[in-house]
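Working notes, structure below.
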């Protein structure tokens with residue numbers, strides 16, 4: 001919420017999509033309130049919301065979670081708030097899209113199958 005004047009009894013309105021309005025904001029598009037990479041800011045956001053693990057967002061001004069892109073095949077995104085993938089999948093493993101580990105064992109990747117060769121970044 002923001003207040004565009006002094007002595008108001010209620011806020012003037014919500015921050016616009018892609019912006020966040022920390023306490024004391026005087027505009028729906030505060031100068032330092034453009035949503036950061038690695039996060040998204042829906043209408044009325046007080047602070048940026050982090051993209052979840054398994055995703056990343058390289059853009060500024062994102063307004064919804066759909067800006068958080070699943071981590072690319074061969075790469076992993078272990079933490080929230082990623083602006084780029086953390087790095088390539090480890091040698092001996094393969095990472096499917098959305099992996100949160102460089103050496104996954106499960107739905108998003110696994111150990112390289114017997115008789116196969118999986119160099120760094122395999123998918």
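Here, each number is a calculation from the coordinates, and none is a lab measurement. Predicted model, so just to flag it, every value in this text is computed and none were measured. Counting neighbours? That spans all protein chains shown, and the Cβs are built from the backbone with ideal geometry, glycine included.
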Checklist entry - residue 47 to residue 83: extension gain in nm, 0.36 nm per residue of separation minus the Cα-Cα distance? => result 11.3 nm
Next on the checklist: Using the Kirkwood formula on the Cα atoms of the stretch 10-68, what hydrodynamic radius do you get, in angstrom to one decimal?
Outcome noted: 11.1 Å
Item to check | Footprinting exposure proxy for 27, 72 (fewest neighbouring C-beta atoms within 10 Å first) | outcome: 27, 72
Item to check | Likely footprinting exposure, 34, 49, 8, fewest C-beta neighbours within 10 Å first | outcome: 8, 34, 49
Next on the checklist: Regarding the stretch 39-93, what's the average projected area of the Cα-atom convex hull, expressed in nm²?
Outcome noted: 3.6 nm²
